[in-house]
Amino acid sequence: MASPLISVTNLHKTYGSGPNAFEALKGLDLDIAEGESIAIVGKSGSGKSTLMHLLALLDRPTSGAITLDGTDTSRLSAKQLNETRNSAFGFVFQQFFLNAQASVLDNVTLPLKIAGVSRRERTARGMAALAQLELDDKAGNKANDLSGGQKQRVVIARALINQPRVIFADEPTGNLDTATGAVVEDILFDLNRRQGINLVVVTHDEDLASRCDRSIYIRDGLIAAHEGVAA
Amino acid sequence: MKAVDIVGTAFRNAFRSRLRTSLTVLAIFIGAFTLSLTNGLGTGINQYIDDTVASVGVDDVMTVTKASETAPTDGGPAEYDPNQIAADGPPGSTVSALNDDDIDTIAGIDGVLSVLPTKSVMTDYVQYDDGTRYQLSMAQFVPGMKVELAAGEQVDLDADEAQLVLPESYLEPLGLGTADDAVGQTVTLAVTDATGTRTTTDAIVVGVAEPGLITMGGAIPNDALTETLYDLQAAGAPESKPTQYAQASVWFDADAGEEETQALQDRLEAAGYTGSTLEDQLGTITSVIDAIVLVLNGFAVIALIAAGIGIVNTLFMAVQERTREVGLMKAMGLSSARVFSLFSIEAVVIGLAGSALGVLAAIGVGELVGSVSGSLLANLPGLTLIAFDPVSVAVVVLSVMAIAFLAGTLPALRAARQDPISSLRYE
């Protein structure tokens, strides 16, 4: 088997210090293989969001190592972390976090703008990403004027625009009705299957979790159970 | 993120909450408007004084008088000095007279290029074509000095013929007609000599002076006319009485710098003379105006500081509102430094908008006041009450932008330090 894309060993994360300290993760090990889709399932407060934040390099662990593509991420500078998140990761959140007043195109191309890509290229790539999600006719609309499902598709287009290796999705269907939620799920798994983009989905939706290659159940900061094809 | 994108985004963000930004811009507008106006007032008045300077003398000439050695330092009455003669200035003021020996001494002082005693002449009257006779005083004129002319030209100092520039106010009484008509006419001047005999001489009007702040009322003779009048006036004076001058004009090298000028003044003082440049004479007026403008500017700056606090407030609200957006952008890899610059540039944009509008409005009001004051202050021709020089306008705009930047640092720092995770939390 090829070396995993993300490898986590003995991961600890403690919030606060002294008597108020709260240990969210208590020594967790996890390998995510290239092209894999994985669901992180757990109740709120179980540590699943903390795990995703650490995997997405949004936060640094208290102890333990996260290796991305063979690189120990604890050695990366703040600038390198920013660059890694910008180029290798895409984010889909339960709440859309769209700039309501900006156009759909501007919202989608935000990661490229942060990366310093020229306006012309931003527009071209943004239109391509929107076309992939059948939203190219909405490019000039304000994000506010879209329906919930359309907004989540815009968010996916935004996550896709920098051709990431991993898309982190935190409750991606939490704010959508079943029908639109299913459409969004289809899109995400389609991306995983066709483009080999890793999916890391945080959810408490069992149906969504079961569509992933693998589900891990987090309880009290540890992996309680593995389900699906073991990596 | 590219610099151009940061500026563009900051620009758009600044006007996202239009009402809030407009109110902050308004506060800055008021401060910048006041500052520009008070500055403009100072510039206008000082410019007028500078223009007037040209009609008083030139900058490489120093007026030298004999220092009153007898003047007590404690402010008590001065001892009578038989050498005192009436001086130019308020009635009753006297200076110790200079004689030919003094002139030689002054000429020998290091730094004095040349010295010319000022011969004061008193005319009894001026008359044109046997018409009514009017009193006329003679202003002292040194080469390079210019007066604002309504017609004709400046007197030719080297000319052999007697020439003079008449103030415009004399034209009608003398019956000279318009300014253009007057140029080239010959007027008669009368002086009384030492024996009490009145003699007359003729002079050609070569120019007509517009009334100015300082030369108002006096005629400007050329050297030939001054000499003629002086000789006529001195005729019959006893030989024993030495020639006395109230003051002398000293030419010096003005390009040598202020220090050199000051050194020359010190040397003159050591020799017992007082030398005052034009700047010294006008410096008092200018410094009073500068002080007033400074106080007014102080008020405007207070307004600007209040407006700066408004910027702090506005941006804190913006940071609060955009917590999630900032968190998202940081999650997507935007560095804290870029977040800081996004918000501080937004502050600068607000400052720029307020100050640019304020300066433009001040210039507009200045134009308006200028046209109104033109008729209100008709006896001060050439006065632009509120003038704007590009440098001070740029200084106002740039310093407001600097204040805005400083005001923006606090909220921008808060935004830059935001943790993307807590920004994106929604439970």
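The values are calculated or read from the model by the stated rules, or taken from the named source; none is laboratory data. A quick note: this is a predicted structure, and the numbers were derived from the prediction, not measured. Glycine gets a Cβ as well: all are built from the backbone with ideal geometry, and neighbour counts include every protein chain shown. SASA here: full protein model, heavy atoms, side chains in, ligands and nucleic acids out. Shrake-Rupley method; radii C 1.70, N 1.55, O 1.52, S 1.80 Å.
B:V372 accessible area, nearest 10 Å², 1.4 Å probe?
About 80 Å², ignoring ligands and nucleic acids.
Let me have the relative contact order for the range B:302-425, percent, based on Cα pairs under 8 Å that are six or more residues apart.
Numbers: 118 pairs, mean separation 66.3, N = 124.
Once divided by the residue count of the range B:302-425, the mean separation gives 54 percent.
For chain B, what is the relative contact order in percent, using Cα pairs closer than 8 Å and at least 6 residues apart in sequence? Provide the component values of the computation, followed by the final result.
Values: 746 pairs, mean separation 121.1, N = 427.
With pairs under 8 Å counted, the relative contact order is 28 percent.
Using alpha-carbon pairs under 8 Å, 6+ residues apart, how would you state the relative contact order of the range A:6-228 in percent? Numbers along the way, then the final one.
Working: 425 pairs, mean separation 67.4, N = 223.
Value for the range A:6-228: 30 percent.
Quick one: Karplus J couplings for the range A:64-81, per residue in order, coefficients 6.51, -1.76, 1.60, θ = phi - 60°, nearest Hz, x for Gly and Pro?
3J(HN,Hα) across the range A:64-81, in whole Hz: x, 10, 10, 10, 10, 6, x, 9, 6, 6, 5, 8, 7, 6, 4, 5, 5, 4.
For peptide A:109-119, compute the average count of partner chain beta-carbon atoms within 10 Å of each residue's beta-carbon.
Rounded to a whole number, the mean comes out at 5.
To the nearest 20 debye, what is the magnitude of the charge dipole of the range A:6-228 about its Cα centre, counting +1 on the Cβ of each Lys and Arg and -1 on the Cβ of each Asp and Glu? Show your work: numbers first, answer last.
Details: 24 positive and 27 negative charges, 171 e Å.
Computed about the Cα centre, the dipole is about 820 debye.
For the protein assembly as shown, report the accessible area per residue in Å² (1.4 Å probe, heavy atoms, rounded to an integer). Spell out each step's value before the answer.
Details: 31390 Å² over 658 residues.
Here the residues of the protein assembly as shown average 48 Å² of exposed surface.
Taking H as built 1.01 Å from N, whose amide H comes closer than 5 Å to the amide H of A:V92, not counting residues under 5 places away?
The list, which skips near neighbours in sequence, is A:F168, A:A169, A:D170.
Read phi for every residue in the range A:153-158 and hand back ³J(HN,Hα) as whole Hz from Karplus 6.51 cos²θ - 1.76 cosθ + 1.60, θ = phi - 60°, with x for Gly and Pro.
Running phi through 6.51 cos²θ - 1.76 cosθ + 1.60 with θ = phi - 60° gives 5, 4, 4, 5, 4, 5 Hz.
Only helices at least 20 Å long along their axis, Cα-based, and averaging -0.5 or more on Kyte-Doolittle count here, so list those DSSP H runs from chain B.
TM-like helix candidates: B:18-53, B:278-321, B:336-376, B:390-417.
Residue by residue through the range A:119-128, which ³J(HN,Hα) values in whole Hz follow from phi under the Karplus form 6.51 cos²θ - 1.76 cosθ + 1.60 (θ = phi - 60°), with glycine and proline marked x?
The phi angles translate into 4, 4, 5, 4, 5, 4, 5, x, 5, 5 Hz.
With springs only between Cα atoms under 10 Å, which of A:A115, A:A157, A:A56 fluctuates most in a Gaussian network model of chain A?
Result: A:A115 has the largest fluctuation of those listed.
Averaged across the residues of B:331-344, what count of C-beta atoms belonging to other chains lies within 10 Å of each residue's C-beta?
5
Report the residue, chosen from B:V155, B:V393, B:V288, that carries the largest GNM mean-square fluctuation when chain B is represented by alpha-carbon nodes joined by springs under 10 Å.
Result: B:V288 has the largest fluctuation of those listed.
Considering amide H positions built from the backbone, and no H for Pro or chain starts, which residues 5 or more places from A:I6, or on another chain, come under 5 Å of its amide H?
A:I32, A:D69
May I ask which residue of B:I289, B:A27, B:S399 lies farthest towards the positive end of the charge dipole of the protein assembly as shown, with charges of +1 (Lys, Arg) and -1 (Asp, Glu) on Cβ and the Cα centre as origin?
Comparing the listed Cα positions along the dipole, B:A27 ranks first.
Report, in deg cm²/dmol and to the nearest 500, the calculated mean residue ellipticity at 222 nm for chain B, where each DSSP H run with n ≥ 4 adds -39500 (n - 2.57) and the sum is divided by the residue count.
The helix-only estimate for chain B comes to -17000 deg cm²/dmol at 222 nm.
Suppose every K and R has +1 on its Cβ and every D and E has -1 on its Cβ; what is the size of the dipole of the range B:243-322 about the Cα centre, in Debye to the nearest 20? Spell out each step's value before the answer.
Numbers: 2 positive and 11 negative charges, 118 e Å.
Value, rounded to 20: 560 debye.
Enumerate the amide H contacts of B:Q185 below 5 Å, restricted to partners 5 or more residues apart or on another chain; note that Pro and chain-start residues carry no placed amide H.
Amide H neighbours of B:Q185: B:V205.
Under a GNM of chain A (C-alpha, springs under 10 Å), which listed residue has the highest mean-square fluctuation: A:R60, A:R194, A:R158?
Maximum among the listed residues: A:R194.
In debye to the nearest 20, how big a dipole does the range A:148-231 give about its Cα centre with +1 on each Lys and Arg Cβ and -1 on each Asp and Glu Cβ? Could you put the intermediate results ahead of the total?
Values: 9 positive and 12 negative charges, 94 e Å.
Charge dipole, the range A:148-231, about its Cα centre: 460 debye, nearest 20.
Can you flag which of A:K79/A:K138; A:K142/B:K330; A:K48/B:K2; A:K48/B:K330; A:K79/B:K2; A:K13/B:K2 are past 26 Å Cα-Cα?
Details: A:K79/A:K138 34 Å; A:K142/B:K330 22 Å; A:K48/B:K2 35 Å; A:K48/B:K330 21 Å; A:K79/B:K2 15 Å; A:K13/B:K2 35 Å.
Listed pairs above 26 Å: A:K79/A:K138; A:K48/B:K2; A:K13/B:K2.
Would you jot down the residues in the range B:387-421 that end up with at least 50 Å² less accessible area in the complete protein assembly than in the chain alone, with a 1.4 Å probe?
The answer is B:I421.
Which percent of the accessible heavy-atom area of the protein assembly as shown goes to carbon and sulfur, probe 1.4 angstrom? It would help to have the intermediate numbers written out before the result.
Values: 16970 of 31390 Å².
Reported share for carbon and sulfur atoms: 54 percent.
Only protein chains counted, 1.4 angstrom probe. Which residues of the range A:55-98 are at least 10 Å² less accessible in the assembly than when their chain is isolated?
A:L58, A:D59, A:N82, A:R85, A:N86, A:F91, A:F93, A:Q94, A:Q95, A:F97
Report the accessible area of B:T261, computed with a 1.4 Å probe over the heavy atoms of all protein chains in place, in Å² rounded to the nearest 10.
Spelled out: B:T261, probe radius 1.4 Å, area about 20 Å².
Quick one: how many Å² of B:K2 are accessible to a 1.4 Å probe, rounded to 10?
That residue has around 80 Å² of solvent-accessible surface.
State, in square angstrom and to the nearest 100, the accessible area buried between chains A and B, both chains counted, probe radius 1.4 Å.
On the way: alone 11300 and 22290 Å², together 31390 Å².
The contact between B and A buries close to 2200 Å².
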